[in-house]
Every structure is written in C-alpha cells, then in structure tokens.
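Asker: Following this message is one structure expressed as structure tokens.
The values are calculated or read from the model by the stated rules, or taken from the named source; none is laboratory data. From a predicted model like this one, the values you see are computed outputs, not experimental measurements. Virtual Cβ from ideal backbone geometry, glycine too; neighbours counted across all protein chains shown. Side chains are part of the model used for accessible areas, which takes the heavy atoms of the whole protein and leaves out ligands, DNA and RNA. Shrake-Rupley method; radii C 1.70, N 1.55, O 1.52, S 1.80 Å.
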Amino acid sequence: GEMGAGLAHELNNPLAGILGLVQVLQHSENPDPKLLANIESSAKRCSEIVSHLLRFSRQGRSASPLGKTEWEAIDFASIASEAMTVVYAPCRAGGVDLDSSIQQGLPILGDRDALSSALVQLLNSIRSACVEGGSILLSGAVEPHQVILEIQAKGSKFDFDSDDWMASGMGFWLAKQVLAHHGGELEEPPEETGTPKTWTLRLPRPT
C-alpha cells in the first residue's frame, strides 16, 4: 500500500502536466487531432490506474473495515473493472490473458475499499497459479436475492507448487473474510478437477 501510494504521488504531477499541455495544444494552429486524442487518452488511462492504486492503498483512512451503517450502494461490476486494471500488468507479464464478459450492473451494499482490495488479492492469487498461455475471465449475474461474480481460469495446466501460489493463501483468506462480513461467500473449485477452474463470489442484493 505504501509503495503504491508513493508511486501514485510521483506519477500524478507529470501526468497533470501532460494533460495540461495537451489541452493547450488542442487550441493551437494545425494540431493533429488524432494524435492529440491518443496522447490525452493514454494520459487519462495512466491517471485512472494511479487513482485505483491510491484507492487500494487506503490512504487517509483507517485500515479497519467500515461498519454496516457506513456502507454505500455499489456496482460490484465497477469494482471488478478497477481490480482488473490493477492486476492487468502482472497478468500480461506472466502471459495470462485477463478479460471480462460482464455487461450489466451488480448492485450491492458494502465497503468499497475492502471489497476492492479483496478482489485484487483474489485475482492476483489465481493469476499466480496460471502458467503462460492461460486465461482468466470474469462474468457476472444478478439473481432475485444475490449477485454473482465468477472468475474462470483456463489453461493447459495450473502450477500449484509455485512459490507465488504457496504464498497466495492470504489472498483467499482476505476475500473470504470480507465476503463473510458482507453476508456473502467464496465458493472454490474442487482441487481434483482439471481446467477450467471457477471461483464464485456471492453477495446479497440490497433489500
């Protein structure tokens, strides 16, 4: 968290400068609109990543979870999108594809920071077991009393003997604790099954 916060603050100033210069150039004579649009889009993307890193670092607030009276209405699909942004680079570096087929909102009540951090930890843990050439796909569904987020990992095999995977227990423990605090649960695939493997997150819908 401290490393992420430090990196975010280091990047925010030059990113603000880049955006400012682009906005000035957009009003100059004969700028290349397509090039400038690409520059601005890339800078905003970096700024978005920094924003997510700051969220996960939990800057400016206690590390303890929010009480239920402080919970807010959240689209769990947006949390999934943020978490994917954070773990995308590690997945790509390991040769693992990361994608989502979520096309609708997943309305819940909860502690956004706690849920975001838990999902990042969970995705990173699953990534650590995927060998190069594997893939992770997120999908979601809304049922009358609950929302469901499925994380499906595919690949020729999974490496459950790697140091990263052996150290991933904290990610699963955190996810289970946070989901239980929200009245939900994490269903894990049986160890003996092959590929694909699916982890299912269930959370109650607001009443």
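Asker: Select from the stretch 103-133 the residues that are open to solvent by 30 Å² or more (accessible area, probe 1.4 Å) and under 23 Å from residue 46 (Cα atoms) and list them in ascending order.
Answerer: Across the stretch 103-133, the qualifying residues are 112, 121, 124, 127.
Asker: Would you confirm, using the coordinates I've provided, whether residue 189 is surrounded by 14 or more Cβ atoms within 10 Å (Cβ to Cβ), modelled with pLDDT of 85 or more and in contact with a Ser or Thr (Cβ under 6 Å, 6 or more places away or on another chain)?
Answerer: yes
Asker: Next question, about the same structure. So if I check each of 98, 36, which one is over 30 Å from residue 134 (Cβ atoms) and either at pLDDT 75 or above or of a type in the set (Phe, Trp, Tyr) (or both)?
Answerer: Just a single option satisfies the conditions, and that option is 36.
Asker: Also, I was wondering about something else. What's the total number of residues in the stretch 83-108 that are out of contact with any helix residue (DSSP H, G or I) (no Cβ under 8 Å at 6 or more places or on another chain) and assigned to a strand (DSSP E or B)?
Answerer: Count: 1.
Asker: I've got another one for you. Under 9 Å between Cβ atoms, which residue pairs at least 6 apart in sequence (or on different chains) link something in the stretch 110-139 that is under 13 Å from residue 88 (Cα atoms) and without any contact (Cβ under 8 Å) to a residue 40 or more places away in the chain with a partner that is open to solvent by 10 Å² or more (accessible area, probe 1.4 Å) and polar (S, T, N, Q)?
Answerer: Here the result reads 135/152; 137/100; 137/101; 137/152, each pair linking the stretch 110-139 to a residue that is open to solvent by 10 Å² or more (accessible area, probe 1.4 Å) and polar (S, T, N, Q).
Asker: Filter the stretch 83-100 down to residues that are within 22 Å of residue 185 (Cβ to Cβ) and either aromatic (Phe, Trp, Tyr) or open to solvent by 20 Å² or more (accessible area, probe 1.4 Å) (or both), then give me how many there are.
Answerer: Of the residues in that region, 2 qualify.
Asker: Within the stretch 53-65, does at least one residue satisfy the condition of being open to solvent by 40 Å² or more (accessible area, probe 1.4 Å) and at pLDDT 70 or above?
Answerer: no
Asker: I've got another one for you. Can you work out which of the residues in the stretch 1-33 that are farther than 25 Å from residue 88 by Cβ and of a type in the set (Asp, Glu) is modelled with the lowest pLDDT?
Answerer: Looking at the filtered set, the residue picked out is 32.
For (1) open to solvent by 50 Å² or more (accessible area, probe 1.4 Å); (2) over 14 Å from residue 119 (Cβ atoms); (3) at pLDDT 85 or above, each residue gets a yes or a no:
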| position | (1), (2), (3) |
| --- | --- |
| 138 | no, no, yes |
| 145 | yes, yes, yes |
| 151 | no, no, yes |
| 169 | no, yes, no |
| 176 | yes, no, yes |
